[in-house]
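Right, I'll just put the structure down here and ask away after.
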Amino acid sequence: MSDSLLTEVTVSINGATVSVAPGTTILEAAAIAGVEIPTLCWASNLTPANACRLCVVEMEESRTLVPACSRACEQGAVIHTESERIAVNRKMVLEFLDTTNDLTQSPELQELITRYEADSSRYTEPSKMQDDIKIEDDLFVRAYDRCVLCYKCVDACGDDAQFTFAISMAGRGFDTRVSTEFETPLPESACVYCGNCVGVCPTNALQFKKEFDLREAGQWQPEHQTTTETICSYCGVGCTLELHTQDNEIYKVTSPADHSVTAGHLCIKGRFGWQYVQPPTRRLSTPNISS
Ligand code: SF4
Ligand code: SF4
Ligand code: FES
């Protein structure tokens, strides 16, 4: 029977049998089976871009490795998510990225580099991407020497969330980079400062200005940081906010990717409009009563 006529598709993942709805990706089926597959360009709130190939797995009778994040399960498929071939592939992807980018601010990638024993020093001429940090406003900075060209920001700015299309991939080959139209400074571009690109960036190439300032000043202290959920007070939509604080001061605001209202995306007010709750413009704690 054709897969399109089935109401359920059954696959084997690392020996475990999993039945899922047609169209379910291998990544989603693996999650149901309790199997973790590393990803980089995939996010639960974005359409798979298929750009990084970190998620590849072996599917018996398929000549090539297949990307788990975007490949739908096929009836009867026998899938292996860890093997020597897969490990070599992931190791090389990580080494190529580490050779050209500064990945030090991505704990997830650092963990994978260790797990797959990726060693970019074995390449004789590593050439890190050079790009001046773009600081054009007080909201967020762009440090494209950390950019792995995963397309997440472009898709979040485009038809996966914001529909603003302020940024896109420009150039070709080694010159490929994320850019506004004609490299226009962000404040003069179509950008509406929703920060949804910042919210999905996996390497901190895009980061809140407050976090950037703390890191630059040598005051970045993860052991002093907490995350608190609250509801945005600006309008009636009621977006859930995650306030990331260090020593009781907000340095970043996100929203859970699995939240039914936001899907992880916010507007400029919820994302960046938090200065009024803390010094030096802390809101009134006692009423102004004139005598
Ligand atoms: S802040 Fe929003 S509008 Fe501006 S580039 Fe990022 S996603 Fe696009
Ligand atoms: S800036 Fe971040 S989200 Fe955008 S392509 Fe680069 S790494 Fe991906
Ligand atoms: S996570 Fe699947 S191709 Fe990037």
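The values are calculated or read from the model by the stated rules, or taken from the named source; none is laboratory data. Treat the numbers as computed from the prediction; the structure is a model and nothing was measured. Don't worry about glycine lacking a Cβ; one is built from the backbone with ideal geometry, like all the others, and counts go over all protein chains shown.
Taking region 29-42, which residues are buried (at least 23 other Cβ atoms within 10 Å of the Cβ) and either within 16 Å of ligand 1 (Cβ to nearest atom) or not in a loop (DSSP other than H, G, I, E, B) (or both)?
ALA29, ALA30
Could you pull out the residue among SER127, SER62, SER121, SER106 that is more than 30 Å from PRO22 (Cα to Cα), out of contact with any strand residue (DSSP E or B) (no Cβ under 9 Å at 6 or more places or on another chain) and within 16 Å of ligand 3 (Cβ to nearest atom)?
Of the residues listed, the single one that is more than 30 Å from PRO22 (Cα to Cα), out of contact with any strand residue (DSSP E or B) (no Cβ under 9 Å at 6 or more places or on another chain) and within 16 Å of ligand 3 (Cβ to nearest atom) is SER106.
Would you be able to tell me the number of residues in region 113-127 that are within 21 Å of the chain's Cα centre (by Cα) and surrounded by fewer than 18 Cβ atoms within 10 Å (Cβ to Cβ)?
Of the residues in region 113-127, 2 are within 21 Å of the chain's Cα centre (by Cα) and surrounded by fewer than 18 Cβ atoms within 10 Å (Cβ to Cβ).
Could you figure out which of (1) more than 16 Å from ligand 3 (Cβ to nearest atom); (2) in a loop (DSSP other than H, G, I, E, B); (3) not hydroxyl-bearing (Ser, Thr, Tyr) isn't true of PHE174?
So PHE174 meets the others, but not (2).
Looking only at region 99-155, which residues are closer than 28 Å to PRO48 by Cβ, of a type in the set (Asp, Glu) and touching a Lys or Arg at 6+ places or on another chain (Cβ under 6 Å)?
ASP102
Name the residues in region 190-213 that are touching an Asp or Glu at 6+ places or on another chain (Cβ under 9 Å) and more than 15 Å from ligand 2 (Cβ to nearest atom), would you?
Residues satisfying the conditions are ALA190, TYR193, LYS209, LYS210.
Pairs needed: first member in region 144-167, more than 10 Å from THR47 (Cβ to Cβ); second member anywhere, small (Gly, Ala, Ser) and not in a loop (DSSP other than H, G, I, E, B); C-beta distance under 6 Å; at least 6 residues apart or different chains.
Listed by first residue and then by second, the contacts come to VAL154/SER168.
Related question: Helices (runs of 4 or more DSSP H) wholly in region 78-165 with at least 2 residues that are more than 16 Å from ligand 1 (Cβ to nearest atom) and on the phi > 0 side of the Ramachandran plot - which ones?
Numbers: elements: 84-100, 107-115, 152-157.
Once the helices (runs of 4 or more DSSP H) in region 78-165 are filtered for at least 2 residues that are more than 16 Å from ligand 1 (Cβ to nearest atom) and on the phi > 0 side of the Ramachandran plot, nothing remains.
Please find, among SER62, SER12, the residue that is over 28 Å from the mean Cα position of the chain (by Cα), in a loop (DSSP other than H, G, I, E, B) and not assigned by TED's automatic domain parsing to the domain that holds ILE113.
Exactly one of SER62, SER12 is over 28 Å from the mean Cα position of the chain (by Cα), in a loop (DSSP other than H, G, I, E, B) and not assigned by TED's automatic domain parsing to the domain that holds ILE113, namely SER62.
Can you tell me which residue in region 53-111 is farthest from THR203 (Cα to Cα), limited to those that are among the basic types (Lys, Arg) and either buried (at least 19 other Cβ atoms within 10 Å of the Cβ) or touching a Gly at 6+ places or on another chain (Cβ under 6 Å) (or both)?
Result: ARG71.
Residue-by-condition table, conditions (1) within 20 Å of LEU112 (Cα to Cα); (2) among the charged types (D, E, K, R); (3) touching a helix residue (DSSP H, G or I) at 6+ places or on another chain (Cβ under 7 Å):
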| position | (1), (2), (3) |
| --- | --- |
| VAL20 | no, no, yes |
| ALA43 | yes, no, yes |
| ARG53 | yes, yes, yes |
| LEU65 | yes, no, yes |
| GLN75 | no, no, yes |
| HIS80 | yes, no, no |
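Which residue out of THR203, THR262, THR240, THR228 is crowded, with 21+ Cβ neighbours inside 10 Å, free of Cβ contacts under 8 Å to residues at least 24 places away in the same chain and in the same structural domain as LEU149 (by TED's automatic domain parsing)?
THR262 is the lone residue from the list that is crowded, with 21+ Cβ neighbours inside 10 Å, free of Cβ contacts under 8 Å to residues at least 24 places away in the same chain and in the same structural domain as LEU149 (by TED's automatic domain parsing).
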